[in-house]
Amino acid sequence: MEAPIFTADFLQEIDKITSRYEKKQAALLPVLHLVQEKEGLISPESEKNIAEYLAIPVVHVHEVVSFYHLFHQTKKGKCHFSVCQTTACALLGAEGIIEHLKERLGIQAGETTPDGKFSLSVVECLGACEIAPMMQCNKEYTGFLNKKKIDEIIEKNS
Ligand code: FES
């Protein structure tokens, strides 16, 4: 274990999670969430450490990390926006929302502002079509978006 977060204390936290499962391999998703919570991303080094600890192939860990948009392979901003671009949101103006965010933050989708405060992702349906157009700000859903609402969210998190 080489990554700084994989300390004895941290491994105890992982053990608490794996003890809830019959096979420790089944704890992959909660372990990934824990690592991301601590590091802000899942680095290739962490993928390797997790694979070793759970006794699964590192390629399996990487496949899971790259499949779910909830896991980040690069450092995200303190406030991470995931904007839905799927049908309901698209029909109600997602493209304008995304453009406004890009303009206000001065970044493209997939990037983080130089001060590390904000990052932006464009994602598929987040299962909240009834509040379209919507986005996720870290774990919080915000819907019925318009430019004014976005400006307020940016101000609040600046
Ligand atoms: S289409 Fe945007 S949340 Fe479902």
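The values are calculated or read from the model by the stated rules, or taken from the named source; none is laboratory data. These numbers come from a predicted model, not from an experiment. Quick reminder, even Gly has a Cβ in these numbers, built from the backbone with ideal geometry, and neighbours come from all protein chains shown. Just so you know, the surface numbers come from the protein's heavy atoms only, side chains and all, with ligands and any DNA or RNA stripped out. Shrake-Rupley method; radii C 1.70, N 1.55, O 1.52, S 1.80 Å.
Tell me which residues come under 5 Å, amide H to amide H, from F118 once H is placed; ignore anything under 5 positions away on its chain.
K78, C79, T113
Taking only protein heavy atoms into account and a 1.4 Å probe, give the accessible area per residue of the chain in Å².
Values: 8990 Å² over 158 residues.
Spelled out: the 1.4 Å probe surface of the chain, per residue, equals 57 Å².
Of all beta bridges DSSP finds with both residues in the chain, what is the antiparallel percent, to the nearest 5? Don't jump to the answer; show the numbers that get you there.
Values: 7 of 13 bridges.
DSSP beta bridges in the chain are roughly 55 percent antiparallel.
If the only charges are +1 at each Lys and Arg Cβ and -1 at each Asp and Glu Cβ, what is the size of the charge dipole of segment 8-67 around the Cα centre, to the nearest 20 debye? If you can, show how the numbers build up before the last one.
Details: 6 positive and 10 negative charges, 41 e Å.
Value, rounded to 20: 200 debye.
Rounded to the nearest 5, what is the percent of antiparallel bridges among the DSSP beta bridges in segment 79-157? Before the final figure, lay out each step's value.
Working: 7 of 13 bridges.
Within segment 79-157, antiparallel bridges account for around 55 percent of the total.
Could you list, in their original order, any pairs among K48/K117; K16/K76; K78/K139 whose Cα atoms are separated by more than 19 Å? Kindly include the intermediate steps, with their values, before the conclusion.
Values: K48/K117 28 Å; K16/K76 27 Å; K78/K139 12 Å.
Pairs exceeding 19 Å: K48/K117; K16/K76.
Per residue of the chain, what 222 nm ellipticity follows from adding -39500 (n - 2.57) for every DSSP H run with n ≥ 4, rounded to the nearest 500? Please list the in-between numbers first.
Numbers: 7 runs with 72 residues, N = 158.
Result for the chain, helices only: -13500 deg cm²/dmol.
Taking square-rooted eigenvalues a ≥ b ≥ c of the alpha carbon gyration tensor, is segment 8-67 rounded, prolate or oblate, where a/c under 1.5 means rounded and, failing that, a/b exceeding b/c means prolate? It would help to have the intermediate numbers written out before the result.
Values: a/c = 1.63, a/b = 1.19, b/c = 1.38.
The shape class here is oblate.
Within segment 127-145, whose backbone N sits under 16 Å from a point 7 Å along Cα→Cβ of H33?
Output list for this probe position: 138-141.
What dipole magnitude, in Debye to the nearest 20, does segment 19-158 give about its Cα centre under +1 on Lys/Arg Cβ and -1 on Asp/Glu Cβ?
Details: 16 positive and 18 negative charges, 60 e Å.
It works out to roughly 280 debye.
For L70 and D9, FRET efficiency with R0 = 41 Å and r from the beta-carbon atoms, rounded to 0.05? List each step's numbers first, then the result.
Working: r = 25 Å, r/R0 = 0.60.
The value I calculate is 0.95.
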